[in-house]
1. Starting from segment 22-58, pick out the chymotrypsin sites (Phe, Trp or Tyr not before Pro) whose DSSP state is loop and whose Cβ has at most 16 other Cβ atoms within 10 Å.
2. Report the extension gain between T2 and L53 in nm, rounded to one decimal, defined as 0.36 nm multiplied by the number of residues separating them, less their alpha carbon distance.
3. Taking 0.36 nm per residue of sequence separation and subtracting the Cα-Cα distance, how much length would be gained by fully extending the chain between A91 and I33, in nm to one decimal?
4. Segment 3-72: D in µm²/s via Stokes-Einstein (Kirkwood Rh, Cα pairs, 10 °C, 1.306 mPa s)?
Amino acid sequence: MTASVFLIGFAQGWLVLGAAVAIAFVLFGMDIIDEDARGALTFRPLIVPGVILIWPLVLWRWWELAHGSDNWHLRHKPPRQAHAVVVAVMAVVVTLTLGSAYALRQTWPADVPAVRLTPAAEVTQ
C-alpha cells in the first residue's frame with residue numbers, strides 16, 4: 001500500500017465518520033450544545049461542513065455537556081496561563097531566526113562582471 005492510497009483512504013474514512021456525526025449532531029446534539037439554536041432550522045445546515053471536519057472535537061464537547069462534566073469557569077484558564085510562556089519562546093525564536101538569517105546571508109560577488117543575456121528570439125535563429 002502506498003502512502004497516497006493510505007492518505008486517500010484515511011481522508012475518506014474521516015469524511016464518512018464526520019458526515020455521520022454531523023447528521024446525528026444536527027438532529028439530536030445541537031439542542032444540548034447550544035440552547036439558543038432550538039428552532040433555528042436554517043442555521044443547522046450551515047455548520048455541517050465544519051462538523052464534518054472537526055467531528056472528534058464535536059463528539060468530545062457533546063459528551064462533556066451531556067454528562068455535566070464541563071467546568072465552564074475553568075475552560076479558558078490553562079490556555080491563558082500558557083500565553084506568557086508562548087510569547088517568551090516566540091520572542092526568542094524570532095530573534096534567533098532573524099539574527100542567524102542576517103549572519104548567514106550571502107553577499108553579492110563584487111568581482112564578477114555583469115553578463116548581458118541575449119533575447120530568446122535571437123537564440124532560436
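Laboratory data are not the source of any read-out in this text; all were calculated from the coordinates shown. Given the structure is predicted, the values throughout are model-derived calculations rather than measurements. Here the Cβ is made from the backbone with ideal geometry for all residues, glycine too, and neighbour counts use every protein chain on show.
1. Filter output for segment 22-58: F43.
2. Stretched out fully, the T2 to L53 stretch lengthens by 16.0 nm.
3. Gain on extension, A91 to I33, equals 17.1 nm.
4. In µm²/s, the coefficient is 122.
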